[in-house]
Structure formats: structure tokens, C-alpha cells
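Note sheet for the following structure.
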Amino acid sequence: MTEMLNSLAETLIKGKMNDMAGLTQQALDSGLSAEDVLQKGLLAGMDVVGKRFKSGEMFIPEVLRSAKTMHKAMEVLRPALAAAEVKTAGKFMIATVEGDLHDIGKNLVAMMFEGAGFEVVNLGIDQKAQAIVDAVKTHQPDVLGLSALLTTTMPKMEETINALKEAGIRDGMRIMVGGAPVTEDFAKKIGADGYAPNAATAVDRAKEYLQ
């Protein structure tokens with residue numbers, strides 16, 4: 001069983017997308033529980049990916065490939081997890097704010113969160129404050145991520161946080177902000193709970209919030 005779990009983790013780390021679904025099904029068929037496949041195989045692999053990314057041993061294209069490989073595994077595993085009523089790490093929602101059409105970084109963050117066992121709601125790009133407020137009311141995330149890649153769209157983050165306050169739903173979750181021009185000081189100034197310089201750090205911060 002340990003060999004199978006190690007194989008899952010290694011396949012994920014190497015980004016072997018074509019092998020992942022079959023291997024995940026094989027692991028379930030061998031008698032491994034859905035939770036063990038997730039926690040001891042897939043999440044263990046994504047944990048290595050996150051550490052290597054932060055240390056500079058892996059780069060964005062490789063991390064994206066590993067994240068997509070995780071997605072292939074989850075397509076097979078999700079029904080088994082639901083049937084076993086395995087709890088997720090939490091619910092994470094992410095959006096690129098109004099006026100900003102950048103989504104590569106946002107999508108990488110979303111994939112890393114899914115890879116860490118979160119239920120992920122990806123709202124997409126160019127999201128108006130009110131649309132984010134409405135989505136928060138509907139999905140009730142534990143953590144909300146706001147992304148901006150332009151200095152001209154950064155003020156929309158504060159606008160969104162203020163809209164959440166006005167709607168009376170700001171205090172129900174943690175808000176994290178990120179993107180190339182965003183800083184820790186800016187995050188504090190606009191009333192966010194935190195800032196993350198990259199996708200792997202964002203996952204670590206979110207886990208800390210929900211402990």
C-alpha cells in the first residue's frame with residue numbers, strides 16, 4: 001500500500017498527466033480508502049511541489065503541470081470522497097478584480113488550493129465588486145482571494161472589501177490579496193487579512209488561518 005501511495009505522489013510531482021487517472025483508480029481498486037489516496041498520496045505529492053516551488057527547484061510551467069495532474073486524479077477521486085463524506089480543507093474562492101484580465105497567476109493559485117484539498121470556486125477575471133459580494137453570499141467561502149496584476153486595478157481590491165463590509169459579510173471569512181504589484185503593506189492598508197507573494201505561500205497562509 002505504501003508503494004502505491006508513493007507512486008501516486010511521484011506521478012503527481014513529475015506531472016505525468018496521462019498516467020494519473022488510471023493510477024488513482026488502481027489505488028482505489030486495491031483497497032486504499034479515498035481519504036488515504038488524497039492525504040497520503042496526492043496531498044503529500046502536492047506538498048513536495050509547493051516546497052520545491054518556494055525554494056526555486058520547480059518553476060511555474062512545472063507546477064502548473066503538477067496541478068493539472070492533480071486535477072486528473074481528483075476527477076476520479078471526487079465521487080469516492082463524497083461517498084465517504086471526507087471533509088475538505090475548507091472552501092476557497094478567488095477572483096481577479098474589475099478591469100484586470102490576467103488569470104495565469106490566479107489559476108495557478110486556484111490549482112494549488114485544489115491540490116491542497118480545498119473546495120475551490122474560481123470566479124474568473126474582471127469581476128466587479130458586487131459580483132464578488134453576490135458570489136460570497138452564495139458560496140460562503142472560508143477564504144477569499146483577490147488578484148490584481150496592474151497598479152491601476154489595485155484600488156478595486158479595496159472597493160471590493162468595502163462592498164463586503166457594507167453587505168455585512170466581511171467578517172465571515174479571511175481575505176487574501178496577491179499579484180505582482182501588491183505588497184504586505186498594501187494588504188494591511190485596504191483591510192485584507194493577508195498577502196502572499198506566490199501560490200504555495202498563499203496555501204500555507206490559508207491553512208494557518210483555518211487551524
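Here are a few things to note about the model shown:
- A 1.4 Å probe run over region 98-195, with the rest of the protein chains in place, finds 46 Å² accessible per residue.
- Nearest-20 debye value, region 151-193 charge dipole, Cβ charges on Lys, Arg, Asp, Glu: 40
- Separation between Cα centres of region 26-55 and region 129-160, rounded to whole Å: 31
- Cα lying deepest toward the dipole's positive end in region 8-99, options A44, G56, L12, charges on Cβ: G56
- Charge dipole (Cα centre; +1 on Lys/Arg Cβ, -1 on Asp/Glu Cβ; no other charges) of the chain amounts to roughly 160 debye.
- D171 accessible area, assembled protein chains, probe 1.4 Å, Å²: 150
- For Kirkwood radius over Cα pairs in Å, computed directly from the structure shown, the correct entry in (i) 18.3; (ii) 17.1; (iii) 17.5 is (iii).
- For region 104-157, the square roots of the Cα gyration tensor eigenvalues, ordered a ≥ b ≥ c, give a/c of at least 1.5 with a/b no greater than b/c, which places it in the oblate category.
- In region 37-144, the trypsin sites (Lys or Arg not before Pro) that fall in loop regions by DSSP, at most 16 other Cβ within 10 Å: K87, K128
- In loop segments of region 44-132 as defined by DSSP, the chymotrypsin sites (Phe, Trp or Tyr not before Pro) with at most 13 further C-beta atoms inside 10 Å of their C-beta are F59.
- Within region 1-97: Cβ-based charge dipole about Cα centre, in debye rounded to nearest 20 (Lys, Arg +1; Asp, Glu -1): 400
- Unit charges at the beta carbon, dipole of region 111-211: most positive-side option, Y195, Q140, A167: A167
- Overall form of region 158-211 per C-alpha gyration tensor (a/c, 1.5; a/b vs b/c): oblate
- Rough spin-label spacing in nm, given labels placed 7 Å along Cα→Cβ, for E10 and K137: 5.2
The values are calculated or read from the model by the stated rules, or taken from the named source; none is laboratory data. Given the structure is predicted, the values throughout are model-derived calculations rather than measurements. For neighbour counting, all protein chains shown are included, and Cβ atoms are generated from backbone atoms with ideal geometry for every residue, glycine included. Quick note on the areas: whole protein, heavy atoms, side chains included, nothing else; ligands and nucleic acids left out. Shrake-Rupley method; radii C 1.70, N 1.55, O 1.52, S 1.80 Å.
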